[in-house]
Amino acid sequence: MTYVKPSFRHPELPKNDLGFTKKDYEGAISTLCGGCGHDSISGAITQACFEMAIAPHRLAKLSGIGCSSKTPTYFLGNSHGFNSVHGRMPSVATGANLANRDLIYMGVSGDGDTASIGMGQFVHAVRRNLNVVYIVMNNGCYGLTKGQDSATADVGSVSKNGINSFNAIDLPALALELGATFVARSFSGDRTQLIPLIKAAVSHHGFALIDVISPCVTFNNNTGSTKSYDYVREHITTADVVDYVPPGEEITMEYAEGSSAELTLHDGSMLQLHKLAPNWDPRDKLAAMQRIYLSRVNKEILTGLLYIDPDTQDLHDILNTVDKPLNELREEDLCPGSGALEEINRSLR
Amino acid sequence: MRSIAAVNDFVVRFANVNGTGSASANNMFAKAIFRMGLPFSAKNIFPSNIQGLPTWYEVRISEKGYLGRRDGIDLMVCVNPQSLPQDVKSVRSGGYFVYDSTKILHPEFVREDITYIGIPMMEICLREYTDPRLRQLFKNMIYVGALSMLLDMDFEVFKGIIADEFKKKEKLIAPNINAMELGRNYVKEHYECPIGLRMETRDLVGDSIVLDGNSACGLGAVYGGATVAAWYPITPSTSLVNAFEKYANRLRIDKETGKKKFAVVQAEDELAAIGVAIGANWNGARSFTATSGPGVSLMNEFLGLAYFAEIPVVLTDVQRSGPSTGMPTRTQQSDITLAAYASHGDSKHILIFPSNPKECFELQALSFDLADRLQTPILVMIDLDLGMNEHLSPPLKWDDNRKYDLGKVYDAEDLENMAQYGRYLDTDGDGITYRTIPGTHPTKGSFFTRGTSRDEYARYTEDGAVYVRNMNRLLKKWDTAKEIIPQPELYQDGNQHKEGVIFFGTTTYSALEALDLLKEEGIEMDAMRLLSFPFSKKVEDFVNGHERIYVIEQNRDAQMRSLLINELEVDPKKLIRILNFDGMPITAAYISEQILEKMVVEKVE
Ligand SMILES: Cc1ncc(C[n+]2csc(CCOP(=O)(O)OP(=O)(O)O)c2C)c(N)n1
Ligand code: SF4
């Protein structure tokens, strides 16, 4: 692995609508272990943002602590980033979002970061329908502290420390229960599925969870682990295939299996769903819950867009804040002035 | 028996039952004193319980303008049978005891040395009112009425207060006045009025206002430009954010759309509360949180992050007594070392100490400027006494020409004209670097905020030399802060005497009174009130300019003294502890006694 990044850019690199090349969406060279699933997710984020022609400075990336939480350094080098403290990214993202509703917020977390120390913050961010893309890089273990089981490790799964005897927390199921308005699961090795999911999550107006199974090659890629590459490839099933259609563009595509449906998102973009699982309607919450439960019983890893409510109110809508970002308001908007204060003084005598 | 006789200088205490509506009657009594032009101070003494338990309200009337607590009760109004035994005991010899004589007082509670004034409050209520709720409420008005007669207070003042209070429910004005008159008439018929304690109208409060510190801080946050408030409920800080929201709802609604120019988030805990505040400040909005000791404990990790990553944030700590849950409804100044050095590693924070509501308002507003300017947490340190009790205060003032000081922020144009931006470059040599707000420029100015070590360009590094450079720059910023933050106030000018006194926050009221008491004994000292930490040159000079300094504070471990020793590196022997930590505001008598005692000890040695 090389740590020096060439600055040379091929003049004919393809450009997106903003005139940026894919290089403009890359970050520093990754220092994660070669083959770590997290790097593939960083790649998918880079690709999705390039294809969506997001102005890099209009996106803020936030994370907690962990190998996964380090990844924001490795994608979107031209975006502001915030590596906060372990498990507390959701609150920082909440504050950032309240300050400026106009940016895109991408939160990156690990399964330890989210499902253990940060569980409280995670569930409350869901509950508030914070407008954020929340990606969990889920490897069933703690990478950065060298391989302890995390709370998403399946019962009976074998890690370096032995057999895990505790029940797993299923983040998509939990998020559904809490009222999340966009819930998806994917696999770091499946970029064709992951990229459109990320795009759809960015376009979604509200909390968008993408739980990405992301094998830790160093500590949890062994036989007996249910988060290893081999295990995931053998047990993966797909609920639907998602095509993301940016606003104002039309694509047509034929899918052999199952039926298709179209969903318009808040920003006018569209999702084309091609169902592989029979009777799959990602707007049907009850069905989604049942299907997730069933796949768990069958030891399948169900991926795809599991649930979406495309028409929701995010935290700003609920709090009824002004359209102008709060961080742009100045004295004339904020300070009531000495006249109002005189009146208050009078009322206190 | 000699009854106490005093005009405009005594203490009245009410013993009530929590949750019976006595608070508004008691406040009315205090307001009447204020409107008669007399300085007063009022303390709620309440249990950590919602309903049913004893609660007290203590009012000191002081023509001399002393606003600290004074020990000893001259007149007790006992409306709570449950606390009667201790209430009888707590009256000073020669004092007065007003009680509900519907039931006969048990002989065990009859003292020879105090005057009993029985008013059959419940009996009158049962006779006059049928609705049980009204009986309860008007019983309070009956004793207030009785007091107005016993103490010779101007009844027109009370009528005015009632008229103001029920401006929107005019129907209630007459019945309330009537209830007061029931009390007045009863005592007039049965006792010699006024008693030895009297109030005479004066013109001593000028244009002062009456306000609690939490409301003043909440309003200060509105004026200071805070747009995001995140909090988690805890006594005694809850009413601070409530006040922010109340005032913001009144003063910060967009007229055209009805939408809010602010956001309040009740977080899931204090970790999240300060996380939200930090996230918002990072993104360029002024944001704050308010809490008390247990909350500050939880916020430690985030405070360290904000310190090291240099993110502005304002936290108001309304201190209560600890450790642990301690006495949650009692006052102390015992979070000082916790706040000053919150979080692991070498971290230290700027503390601000307001003493009255006017300062709460001004310094809370100023804190947002300081946080932005210094890019670090600012902790506004008040306490339960200041936060939750109403205080006589100079009126609030705001200069309309004042501009928010957003500190060193590069905008798009600055970045455009720059070869390379370095987030942690000390361009000006004052330790304060330039930040950029996310979303400013398409290709320049983005950086990575992190709690790990980094170089001047915000790039991760574990290079020891770079780390040391950064840590030393933070110290330089610390030194810069010393002259920017509010400066101490000197009383009794200069270094004239050998001995000095240092105090801060709510101990100020009693400390100043204690200095007068000592003067009566022929002892004079210089005095300084601290308004902030770190200590500026002025504090250093004051300490160095005196042989001995008495440090007055409300905690067991002399926490401010520790900071003085630690940061100024002075001889600990020079700094003498004057401590009170029983949960009640310190009194002048206690301070002067303690000082006298410690002076004697010193002489014997
Ligand atoms: C308060 C606190 N406790 C513990 C740690 C140590 N720690 C760092 S990362 C981590 C777990 C990371 O696991 P995960 O979130 O699953 O991310 P991964 O490294 O597996 O991607 C822990 C426990 C810490 N940084 N802070
Ligand atoms: S330890 Fe595991 S999670 Fe961390 S970088 Fe290596 S492979 Fe990835």
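The values are calculated or read from the model by the stated rules, or taken from the named source; none is laboratory data. The shown structure was predicted, so the numbers you read here are calculated from the model rather than taken from an experiment. All Cβ positions, even for glycine, are placed from backbone atoms using ideal geometry, and neighbour counts span all protein chains on display. Accessible surface is based on the protein model in full, side chains and every heavy atom, while ligands, DNA and RNA are left aside. Shrake-Rupley method; radii C 1.70, N 1.55, O 1.52, S 1.80 Å.
Taking the Cα centre of the stretch A:42-177 as origin and charging only Cβ (+1 Lys, Arg; -1 Asp, Glu), how large is the dipole, in debye to the nearest 20?
Working: 9 positive and 8 negative charges, 80 e Å.
Rounded to the nearest 20 debye, it is 380 debye.
Tell me the relative contact order for chain B as a rounded percent, counting alpha carbon contacts under 8 Å between residues six or more apart. List each step's numbers first, then the result.
Values: 1241 pairs, mean separation 71.7, N = 605.
The value is 12 percent.
Could you name the lysines in cross-link range of B:LYS476, using Cα to Cα under 19 Å and dropping any fewer than eight places away on the same chain?
B:LYS348, B:LYS408, B:LYS537, B:LYS538
Report which residues of the stretch B:421-464 become buried by 20 Å² or more of accessible surface when going from the isolated chain to the complete set of protein chains (1.4 Å probe; DNA, RNA and ligands ignored).
Going by heavy-atom accessible area, the residues of the stretch B:421-464 that drop by at least 20 Å² are B:PRO438, B:GLY439, B:PRO442, B:THR443, B:SER446, B:PHE447, B:PHE448, B:THR449, B:ARG450.
Evaluate E = 1/(1 + (r/R0)^6) for A:ILE163 and B:GLN420, where r is the Cβ-Cβ distance and R0 equals 41 Å; express this FRET efficiency to the nearest 0.05.
Working: r = 53 Å, r/R0 = 1.29.
Computed FRET efficiency for A:ILE163 and B:GLN420 comes out at 0.20.
Considering the options A:ASN222, B:PRO357, B:GLY445, tell which one lies farthest towards the positive end of the dipole of the protein assembly as shown, charges being +1 on Lys and Arg and -1 on Asp and Glu at the Cβ, about the Cα centre.
Value computed over the given set: A:ASN222.
Could you tell me which of B:GLN266, B:PRO47, B:PRO488 has its Cα farthest along the dipole of the protein assembly as shown towards the positive end, charges placed at Cβ (Lys, Arg +1; Asp, Glu -1), taken about the Cα centre?
B:PRO47
Based on the Cβ-Cβ distance from A:LYS23 to A:ALA287, what FRET efficiency comes out when R0 is 41 Å, to the nearest 0.05? Spell out each step's value before the answer.
Working: r = 42 Å, r/R0 = 1.03.
In this case the efficiency is close to 0.45.
Given points 7 Å out from each Cα along the Cα-Cβ axis, report the A:THR237 to B:SER48 separation in nanometres with one decimal.
5.3
Under the Kirkwood approximation for Rh and a Cα-based Rg, what ratio Rg/Rh is obtained for the stretch B:333-426?
On the way: Rg = 17.7 Å, Rh = 16.1 Å.
Rg/Rh for the stretch B:333-426 comes to 1.09.
Before I look further, what does the stretch A:7-65 give for accessible area per residue, probe 1.4 Å, in whole square angstrom? List each step's numbers first, then the result.
Numbers: 2510 Å² over 59 residues.
In whole numbers, the stretch A:7-65 has 43 Å² accessible per residue.
Please report, largest first and rounded to whole Å, the three semi-axes of the ellipsoid equivalent to the stretch B:392-446, where each semi-axis is the square root of five times an eigenvalue of the C-alpha gyration tensor.
Semi-axes from the Cα gyration tensor: 33, 15, 9 Å.
Quick one: pull the percent of accessible area on the stretch A:22-319 belonging to carbon and sulfur, 1.4 Å probe, ligands and nucleic acids left out.
Values: 5340 of 10430 Å².
Roughly 51 percent, rounded to a whole number.
Counting DSSP beta bridges in the stretch A:113-221, what percent are antiparallel, to the nearest 5? Mind showing how you got there, number by number?
Details: 3 of 16 bridges.
Bridges in the stretch A:113-221 that DSSP calls antiparallel: roughly 20 percent.
Of A:HIS205, B:HIS349, which has the most accessible area with a 1.4 Å probe, and how do the rest follow in descending order?
Details: A:HIS205 25, B:HIS349 0 Å².
The ordering from most to least exposed comes out as A:HIS205, B:HIS349.
Based on DSSP, what percent of beta bridges with both residues in the stretch B:179-326 are antiparallel, to the nearest 5? Show your work: numbers first, answer last.
Details: 1 of 11 bridges.
Expressed as a percentage, antiparallel bridges in the stretch B:179-326 total about 10.
Ranked from the most accessible area to the least, with a 1.4 Å probe and all protein chains present, what is the order of A:ASP281, B:ASP369? Walk me through the numbers on the way to the answer.
Working: A:ASP281 55, B:ASP369 15 Å².
The most accessible residue leads, giving A:ASP281, B:ASP369.
Under a Cβ-Cβ cut-off of 13 Å, what is the net charge of the residues other than B:ARG473 that fall near it, where Lys and Arg count +1 and Asp and Glu count -1? Mind showing how you got there, number by number?
Working: positive: B:ARG423, B:ARG454, B:ARG469, B:LYS476, B:LYS477; negative: B:GLU310, B:ASP346, B:ASP426, B:ASP428, B:ASP430, B:ASP455, B:GLU456, B:ASP479.
Summing Lys and Arg as +1 and Asp and Glu as -1 gives -3.
With the full set of protein chains in place, find how many percent of the accessible area of chain B is carbon and sulfur; take the probe as 1.4 Å.
On the way: 11560 of 23300 Å².
The computed percentage sits at 50.
So what's chain B giving for Cα Rg divided by 2.2 N^0.38 Å, two decimals?
On the way: Rg = 26.8 Å, N = 605, 2.2 N^0.38 = 25.1 Å.
Normalised Rg, Cα atoms only: 1.07.
Restricting to DSSP loop positions (anything but H, G, I, E, B) with no more than 12 other Cβ atoms inside 10 Å of their own Cβ, which GluC sites (Glu not before Pro) remain in the stretch B:515-565? Let's see the in-between values first.
Numbers: sites: B:GLU520, B:GLU521, B:GLU524, B:GLU540, B:GLU547, B:GLU553; in loops: B:GLU521, B:GLU524, B:GLU547.
Those that pass, being in a loop and sparsely packed, are B:GLU521, B:GLU547.
Can you give me the Rg/Rh ratio for the stretch B:412-484, using Cα atoms for both radii and the Kirkwood formula for Rh? Don't jump to the answer; show the numbers that get you there.
Working: Rg = 13.1 Å, Rh = 13.2 Å.
My calculation of the ratio gives 0.99.
Quick one: accessible area per residue over the stretch B:412-484, 1.4 Å probe, rounded to a whole number of Å²?
Working: 3440 Å² over 73 residues.
With the other protein chains kept in place, the stretch B:412-484 gives 47 Å² per residue.
For peptide B:228-238, compute the average count of partner chain beta-carbon atoms within 10 Å of each residue's beta-carbon. Walk me through the numbers on the way to the answer.
On the way: counts 9, 1, 4, 0, 0, 0, 0, 0, 0, 0, 0.
Taking the mean over all residues of the peptide, I get 1.
How high is the FRET efficiency from B:ARG202 to A:GLU343, r the C-beta distance, R0 35 Å, rounded to 0.05?
0.85
Rounded to two decimal places and with Rh computed the Kirkwood way over Cα pairs, what is Rg over Rh for the protein assembly as shown? Don't skip to the answer; put the middle values down first.
Working: Rg = 32.5 Å, Rh = 31.1 Å.
Computed over Cα atoms, the ratio is 1.05.
Kirkwood Rh, the stretch B:211-393, all Cα pairs: how many Å?
Values: mean 1/r = 0.0637 Å⁻¹.
Answer for the stretch B:211-393: a Kirkwood hydrodynamic radius of 15.7 Å.
Taking only C-alpha pairs under 8 Å that are 6+ residues apart, what is the relative contact order of the stretch B:489-604 in percent? Mind dumping the intermediate values first?
Numbers: 168 pairs, mean separation 36.5, N = 116.
Value for the stretch B:489-604: 31 percent.
Rounded to the nearest 100 Å², what is the buried accessible area between A and B, both sides summed, probe 1.4 Å? Mind dumping the intermediate values first?
On the way: alone 16530 and 25810 Å², together 37150 Å².
Heavy-atom accessible area buried at this interface is about 5200 Å².
Under 24 Å Cα to Cα from A:LYS70, which lysines show up? Leave out anything in the same chain fewer than 8 places away.
A:LYS70 reaches A:LYS5, A:LYS22, A:LYS23, A:LYS61, A:LYS146, A:LYS160, A:LYS199, A:LYS227, B:LYS444.
Positive end of the dipole of chain A, charges at C-beta (+1 Lys, Arg; -1 Asp, Glu), about the Cα centre: which of A:THR192, A:SER165, A:THR114 has its Cα farthest in that direction?
Looking along the dipole axis, the top candidate is A:SER165.
Given a 1.4 Å probe, how much area per residue of the stretch B:262-408 is accessible, in Å²?
Numbers: 3450 Å² over 147 residues.
I get 23 Å² per residue for the stretch B:262-408.
Calculate the mean, over all residues of peptide A:113-121, of how many other protein chain Cβ atoms lie within 10 angstrom of the residue's Cβ. List each step's numbers first, then the result.
Numbers: counts 0, 0, 0, 0, 1, 2, 0, 5, 7.
Rounded to a whole number, the mean comes out at 2.
Rounded to the nearest 20 Debye, what is the dipole magnitude of the stretch B:6-198 about its Cα centre when Lys and Arg each give +1 and Asp and Glu each give -1 at the C-beta?
Dipole about the Cα centre, nearest 20: 560 debye.
Using a basic spin-label model with each label point 7 Å from the Cα along Cα→Cβ, how many nm lie between B:ASN249 and A:HIS266?
Calculated label separation equals 2.6 nm.
Using a simple charge model, +1 on the beta-carbon of Lys and Arg, -1 on the beta-carbon of Asp and Glu, nothing else, what dipole does the stretch B:211-393 show about its Cα centre, in debye to the nearest 20? It would help to have the intermediate numbers written out before the result.
Numbers: 13 positive and 19 negative charges, 105 e Å.
In total the dipole reaches around 500 debye.
Distance in nm between label sites at B:TYR467 and B:GLU521, each 7 Å beyond Cα in the beta-carbon direction?
In this crude label model, B:TYR467 to B:GLU521 measures out at 5.3 nm.
Taking the Cα atoms only, what angle lies between the long axis of helix B:155-165 and the longest principal axis of chain B, rounded to 10 degrees?
Long axis of B:155-165 versus the principal axis of chain B: about 50 degrees.
For B:392-398, what's the mean count of beta carbons from other chains sitting within 10 Å of each residue's beta carbon? The partial results should precede the final answer.
On the way: counts 0, 2, 1, 7, 6, 4, 8.
That works out to 4 on average.
Multiply the residue separation of B:ASP400 and B:GLU489 by 0.36 nm, subtract the distance between their alpha-carbon atoms, and state the gained length in nm to one decimal. Kindly include the intermediate steps, with their values, before the conclusion.
Working: separation 89, 0.36 × 89 = 32.04 nm, distance 2.53 nm.
That pair, B:ASP400 and B:GLU489, stretches by 29.5 nm at full extension.
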